[in-house]
Amino acid sequence: MIEHINKQRVRRLLEAHAAGDFDSVLSHCNDDLEHFASAPIDIFPHLGRRHGKAEVRQMWETARSRYADVRHEIKTMICEGDQVAVDLRIFLRKRDNDRIVQYDLAAFYTLRDGRISRIREIMDTFDLVQQVLECDLSRLLIAGTARP
């Protein structure tokens, strides 16, 4: 029974986040919320490790200032007690040129006392960097290692 409730809590959090309703998102979280997104912080300085609601809100607001029309598709959601794992496909529209960025994200949520206390996100950063920079990194890497 708790698994069903925790899945619903995470679904509500994801829906509020996609809508940009960070007050609602954070109402589902503990004050000492820990968020970690595995991404190269040289390119995505707003990601990385964040502690507390204020830091997490700032990270989300920074991302929202760069991307619009945020939506997601839940591919799989698995829950075991207070742990929820979600396999997501994320869609963002870049504000500066309207290009669509889409990437896969594995998100792991830990709940404590019915609220989210920890979020860990793992994404295909190579693909994400290529889309954000609008550059074929594979071709650049291969060209840089080619020998006559």
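Descriptive notes on the structure:
- Each residue in the range 92-127 was checked for being in a strand (DSSP E or B) and either aliphatic (A, V, I, L, M) or within 23 Å of Asp32 (Cα to Cα) (or both), and 20 of them qualify.
- Among the residues of the range 43-100, the one identified as exposed (fewer than 12 other Cβ atoms within 10 Å of the Cβ), modelled with pLDDT under 95 and either β-branched (Val, Ile, Thr) or under 11 Å from the mean Cα position of the chain (by Cα) (or both) is Ile100.
- Each residue in the range 45-69 was checked for being of a type in the set (Asp, Glu) and not in a helix (DSSP H, G or I), and 1 of them qualify.
- Qualifying residue in the range 105-127 (condition: within 17 Å of Gly20 (Cα to Cα) and among the hydrophobic types (A, V, I, L, M, F, W, C)): no
- For the range 1-37, the set of residues classified as touching a helix residue (DSSP H, G or I) at 6+ places or on another chain (Cβ under 7 Å), in a strand (DSSP E or B) and surrounded by 14 or more Cβ atoms within 10 Å (Cβ to Cβ) consists of Cys29, Leu33, His35, listed by residue number.
- Qualifying residue in the range 102-109 (condition: farther than 22 Å from Gly48 by Cβ and among the charged types (D, E, K, R)): no
- Hits in the range 106-130 (condition: surrounded by 17 or more Cβ atoms within 10 Å (Cβ to Cβ), out of contact with any helix residue (DSSP H, G or I) (no Cβ under 7 Å at 6 or more places or on another chain) and under 17 Å from His72 (Cβ atoms)): Ala107, Ile119, Glu121, Met123, Leu128
- Qualifying residue in the range 70-87 (condition: part of a strand (DSSP E or B), over 17 Å from Lys7 (Cα atoms) and free of Cβ contacts under 8 Å to residues at least 60 places away in the same chain): yes
- You will find that of Leu47, Leu14, Leu88, the residue that is touching a Pro at 6+ places or on another chain (Cβ under 9 Å) and either over 28 Å from Val129 (Cα atoms) or of a type outside the set (Val, Ile, Thr) (or both) is Leu47 and no other.
- Cβ-Cβ under 7 Å pairs, at least 6 apart or on other chains, the range 18-47 side charged (D, E, K, R), far side at pLDDT 95 or above and loosely packed, with under 15 Cβ neighbours inside 10 Å: Glu34/His51
The values are calculated or read from the model by the stated rules, or taken from the named source; none is laboratory data. Fair warning: this is a prediction, and the values are worked out from it, not measured in the lab. Neighbour counts are summed over all protein chains in view; Cβ atoms, including those assigned to glycine, are modelled from backbone coordinates with ideal geometry.
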